[in-house]
Amino acid sequence: MATPTLAKSPSPHQLLARIVRPFTPPNYPKPQPEFLVFPTSQAEYQLHIVALAGNRTISRHKSPTFALKKCIRLNKQRCEGARNETN
């Protein structure tokens with residue numbers, strides 16, 4: 001039976017560990033939402049979207065689905081920056 005005569009070589013995992021750099025998260029903070037959905041005490045419109053900067057109500061909604069969709073769209077537009085839309 002033959003035995004290896006080479007010096008003890010590192011395992012492939014040790015070689016990759018030396019080559020691959022560990023992942024570092026980006027230095028910029030994640031943008032915070034500017035608009036949030038809150039419940040109201042009114043019977044007709046149970047939810048409203050509030051702009052946190054001025055604590056202003058943007059819109060009132062009966063449906064949670066529509067309120068969340070609009071809030072997500074507003075926050076996404078804020079992150080992407082203002083742009084003019086043409087038809």
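The values are calculated or read from the model by the stated rules, or taken from the named source; none is laboratory data. Here the structure is a predicted model, which means the values were calculated and not measured. Here Cβ is always computed from backbone atoms with ideal geometry, including for glycine, and neighbour counts include all displayed protein chains.
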Handout entry: Candidate set from the stretch 30-70 (those that are surrounded by 14 or more Cβ atoms within 10 Å (Cβ to Cβ) and in contact with a Cys (Cβ under 6 Å, 6 or more places away or on another chain)); member that is nearest to residue 80 (Cα to Cα)
Key = 35
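Okay, residues lined up against (1) modelled with pLDDT of 90 or more; (2) in a loop (DSSP other than H, G, I, E, B); (3) touching a Lys or Arg at 6+ places or on another chain (Cβ under 7 Å):
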position	(1), (2), (3)
4	no, yes, no
14	no, no, no
30	no, yes, no
38	yes, no, no
45	yes, yes, yes
58	yes, no, no
74	yes, no, no
84	no, yes, no
